[in-house]
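Take a look at the structure below.
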């Protein structure tokens with residue numbers, strides 16, 4: 001699963017500001033963000049199917065995904081919605097063209113997927129939301145994302161008015177955007193640390209920390225919760241700032257930063 005808040009801005013200093021928490025079971029191995037072999041795409045990776053839930057590229061492409069497969073721990077080798085972000089980042093299609101390809105693929109797919117995917121091209125100022133709301137149906141909803149503050153979550157999609165967790169994040173993030181204004185940005189780790197790490201509120205908290213019985217029935221009680229926080233800013237000057245706080249293999253927390261320019 002996961003939850004995202006982002007500001008897609010027409011003016012001001014920052015074209016895109018994004019905060020994302022990814023949630024998964026403790027047994028699922030997810031690598032920290034790193035550059036791919038040619039140094040063009042920055043993303044984390046699910047070891048099992050090589051997919052990702054967030055990535056950006058030096059060509060100015062951004063993709064981020066929330067889905068229900070992580071909650072159910074249904075991650076299949078060489079398949080799954082986690083492959084869509086990488087396909088977009090590696091390709092040359094516009095966000096709209098890519099969305100149409102995904103829609104066609106789902107019409108012929110037998111995978112029982114529920115997800116929301118955002119694909120964006122910073123250079124053309126284009127962002128599209130791709131939503132598959134039902135596991136047993138192939139329908140896909142495509143919509144252009146308007147400028148402004150938005151949230152994205154697995155079951156509710158874009159801008160939920162039902163989920164307490166979405167509403168809480170939306171309120172916190174919106175107030176932060178107002179407070180920042182067009183002033184120089186503080187370090188991204190400070191921005192993310194304001195509320196993305198806070199577990200207060202139990203299951204409605206932005207940052208999850210729970211122990212539950214694993215859905216497979218074979219692993220007994222497992223940690224289910226947030227295993228990474230990503231912060232991204234893309235400036236209108238084409239400068240990109242990326243921060244990630246991630247859980248390491250020993251269960252501790254580590255952090256790293258990346259800065260680059262869109263080519």
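The values are calculated or read from the model by the stated rules, or taken from the named source; none is laboratory data. Here the structure is a predicted model, which means the values were calculated and not measured. Here Cβ is always computed from backbone atoms with ideal geometry, including for glycine, and neighbour counts include all displayed protein chains.
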Any hit, segment 51-66, residues being out of contact with any helix residue (DSSP H, G or I) (no Cβ under 6 Å at 6 or more places or on another chain), modelled with pLDDT under 95 and over 30 Å from residue 174 (Cα atoms): no
Filtered residues of segment 31-58 (kept if over 23 Å from residue 235 (Cβ atoms), touching a residue at least 40 places away in the same chain (Cβ under 8 Å) and crowded, with 21+ Cβ neighbours inside 10 Å): 53
Unmet requirement for residue 140, which otherwise passes all of (1) closer than 25 Å to residue 228 by Cα; (2) in contact with a helix residue (DSSP H, G or I) (Cβ under 9 Å, 6 or more places away or on another chain): (1)
Residues being surrounded by fewer than 23 Cβ atoms within 10 Å (Cβ to Cβ) and in contact (Cβ under 8 Å) with a residue 60 or more places away in the chain - total across segment 85-126: 4
Selected residue [in contact with a strand residue (DSSP E or B) (Cβ under 8 Å, 6 or more places away or on another chain), within 27 Å of residue 14 (Cα to Cα) and loosely packed, with under 14 Cβ neighbours inside 10 Å] from 179, 261: 261
Residue list for segment 143-157, restricted to those being at pLDDT below 95 and out of contact with any helix residue (DSSP H, G or I) (no Cβ under 8 Å at 6 or more places or on another chain): 155, 157
Every pair of residues 6+ apart whose Cβ atoms lie under 6 Å, when the first sits in segment 136-148 and is touching a residue at least 60 places away in the same chain (Cβ under 8 Å) while the second is loosely packed, with under 11 Cβ neighbours inside 10 Å and part of a loop (DSSP other than H, G, I, E, B): 147/10
Flag if residue 160 is farther than 19 Å from residue 99 by Cβ, modelled with pLDDT of 95 or more and under 19 Å from the mean Cα position of the chain (by Cα): no
Residue count for segment 59-70, restricted to those that are over 16 Å from residue 152 (Cα atoms) and either buried (at least 18 other Cβ atoms within 10 Å of the Cβ) or free of Cβ contacts under 8 Å to residues at least 24 places away in the same chain (or both): 2
